[in-house]
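Enquirer: Take a look at this one; I'll ask things after.
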Amino acid sequence: MTLRRILVLGTGGTIAGAGGSATGAGYRAGGLALDALVAHLGALGLAAELVPQEVARIGSQDIGFAEWRALHAACTAAMDDPAIDGIIITHGTDTAEETGLLLDLTLPTAKPVVLVGAMRPADAVGADGMRNFANAVKVASDPAAAGRGVMLVMGDAVLAARDARKAATSAIDAFRTFPRGPLARVTPASLDWFGPAHRLGEAARYPFPQELPRVAILTAGAGMDAQPVDALLGIGARGIVLAGMGQGNAPRTVLEALARAAASGVPVVRASRVDEGLVDRNVEVDDDALGLVAARALGPAKARMLLMVLVANGVTDAKAVQAAFDGG
Ligand code: GLU
């Protein structure tokens, strides 16, 4: 059997982190060059040919439009290259959910795209990066992985990028997935999909933006006033995501200010500061009357990313924005 050829796009993060301390205290994310990482992993005898390409060597807290554009271009080229079977992106875990969603929205589903990270640096005792990477190779090499959108492989599970979020600051098992469960379980020896691919042959849902507009997250707190809404409009916010209480709630004066923002053409999406759950329309907040959008299953960070892509593509009308948040 010919080996599957996997493009490995490196961005940095803890999976490429080293600090010379076995406890992982005081390390530098992205300190290891991708070539060194891949050579190290090659020693595992993985049944795939890995083609490394370094995009960045940063902690993912510093990732932004330039790196996203470079990742998108590299993935697009690999989608069109018959010599490449799948794509792995090594990435810090802090913002893997944002990069994952952006690529999920803007890439076709022809070949598997797998983000992978680690919670412990490569030279720490009990490092999880090599195992996660071996699992990612297993997933990216599987023809049945295509047509599932962008995925995140962590903790022996395959999660849809749209559903995954980081829910623990330091635990190895740091990611949760909502509203769907994992797409598969994976180990270096096995890969079990829980259902058929649901996006087989899909084109990109949105063109990759020329630039990303300023969309702000406003976290609600008890006793707050509406001044932060005006401040955000004052710095030119083109969209606002409310990380609201409970089901995307906020004090009445804040909701009224957000309604004024929406009426002025700045779309407002209500998400929740609560870790998990749906924010539905017109339950406690009258979205129809206020002109607001309910984030449904997306948390604030991902709601911001989707809203940036929508605004960049000229989608600002509340009904159209809501349709995008409703879409699986
Ligand atoms: N903050 C760094 C990053 O997101 C390290 C955390 C990690 O990768 O788990 O790249």
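The values are calculated or read from the model by the stated rules, or taken from the named source; none is laboratory data. Keep in mind it's a predicted model, so treat the numbers as computed, not measured. Every residue, glycine as well, gets a Cβ built from its backbone with ideal geometry; the counts of neighbours run over all protein chains shown.
Enquirer: Restricting the first residue to segment 52-80 and requiring it to be under 25 Å from residue 39 (Cβ atoms), which pairs with a second residue that is modelled with pLDDT of 95 or more and of a type in the set (Ser, Thr, Tyr) meet a Cβ separation below 6 Å and a spacing of at least six or different chains?
Expert: As it stands, the answer is 55/11; 56/11; 60/95; 63/95, since those pairs meet every condition given.
Enquirer: Moving on. What residue, among those in segment 28-53 that are within 16 Å of the ligand (Cβ to nearest atom) and outside any loop (DSSP other than H, G, I, E, B), is farthest from residue 137 (Cα to Cα)?
Expert: Result: 28.
Enquirer: When you go through 139, 114 one by one, which is the residue that is crowded, with 16+ Cβ neighbours inside 10 Å and assigned to a strand (DSSP E or B)?
Expert: Selected residue: 114, the only one of 139, 114 that is crowded, with 16+ Cβ neighbours inside 10 Å and assigned to a strand (DSSP E or B).
Enquirer: Within segment 307-327, identify whether any single residue is surrounded by 23 or more Cβ atoms within 10 Å (Cβ to Cβ) and either small (Gly, Ala, Ser) or without any contact (Cβ under 8 Å) to a residue 12 or more places away in the chain (or both), and answer yes or no.
Expert: The answer is no, given that none of the residues of segment 307-327 is surrounded by 23 or more Cβ atoms within 10 Å (Cβ to Cβ) and either small (Gly, Ala, Ser) or without any contact (Cβ under 8 Å) to a residue 12 or more places away in the chain (or both).
So that you can scan it fast, the table gives a plain yes or no per residue for (1) at pLDDT below 95; (2) of a type in the set (Gly, Ala, Ser); (3) under 25 Å from residue 71 (Cα atoms):
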| residue | (1), (2), (3) |
| --- | --- |
| 182 | no, no, yes |
| 203 | no, yes, yes |
| 218 | no, no, no |
| 223 | no, yes, no |
| 247 | no, no, no |
| 250 | no, yes, no |
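Enquirer: Based on this model, can you work out whether residue 292 counts as among the hydrophobic types (A, V, I, L, M, F, W, C), buried (at least 24 other Cβ atoms within 10 Å of the Cβ), touching a Ser or Thr at 6+ places or on another chain (Cβ under 9 Å) and at pLDDT 95 or above?
Expert: It is false that residue 292 is among the hydrophobic types (A, V, I, L, M, F, W, C), buried (at least 24 other Cβ atoms within 10 Å of the Cβ), touching a Ser or Thr at 6+ places or on another chain (Cβ under 9 Å) and at pLDDT 95 or above.
Enquirer: If you check residue 152 against the conditions, is it in a helix (DSSP H, G or I), at pLDDT 95 or above and over 21 Å from residue 5 (Cβ atoms)?
Expert: So residue 152 fails the test.
Enquirer: Now, a different point. Within segment 162-178, count every residue that is among the hydrophobic types (A, V, I, L, M, F, W, C), surrounded by 14 or more Cβ atoms within 10 Å (Cβ to Cβ) and not in a strand (DSSP E or B).
Expert: Matching residues across segment 162-178 total 4.
Enquirer: Would you be able to tell me the number of residues in segment 221-245 that are of a type in the set (Gly, Ala, Ser) and under 23 Å from the mean Cα position of the chain (by Cα)?
Expert: Count: 4.
Enquirer: Can you tell me which residue within segment 142-156, out of those that are farther than 24 Å from residue 206 by Cβ and surrounded by fewer than 24 Cβ atoms within 10 Å (Cβ to Cβ), is nearest to the ligand (Cβ to nearest atom)?
Expert: Only one residue fits best here, namely 155.
Rundown of residues vs (1) within 15 Å of the ligand (Cβ to nearest atom); (2) of a type in the set (Val, Ile, Thr); (3) assigned to a loop (DSSP other than H, G, I, E, B); (4) in contact with a Gly (Cβ under 8 Å, 6 or more places away or on another chain), yes/no style:
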residue: 26; (1), (2), (3), (4): yes, no, yes, yes
residue: 55; (1), (2), (3), (4): yes, yes, no, yes
residue: 66; (1), (2), (3), (4): no, no, no, no
residue: 72; (1), (2), (3), (4): no, no, no, no
residue: 78; (1), (2), (3), (4): no, no, no, no
residue: 93; (1), (2), (3), (4): yes, yes, yes, yes
residue: 100; (1), (2), (3), (4): yes, no, no, no
residue: 105; (1), (2), (3), (4): no, no, no, no
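Enquirer: So, residue 268, is that one buried (at least 19 other Cβ atoms within 10 Å of the Cβ), within 23 Å of the chain's Cα centre (by Cα), within 30 Å of residue 76 (Cβ to Cβ) and of a type in the set (Val, Ile, Thr) or not?
Expert: no
Enquirer: Just give me the residues in segment 179-198 being surrounded by fewer than 17 Cβ atoms within 10 Å (Cβ to Cβ) and out of contact with any strand residue (DSSP E or B) (no Cβ under 7 Å at 6 or more places or on another chain), in sequence order.
Expert: Correct list: 179, 181, 187, 189, 190, 195, 196, 198.
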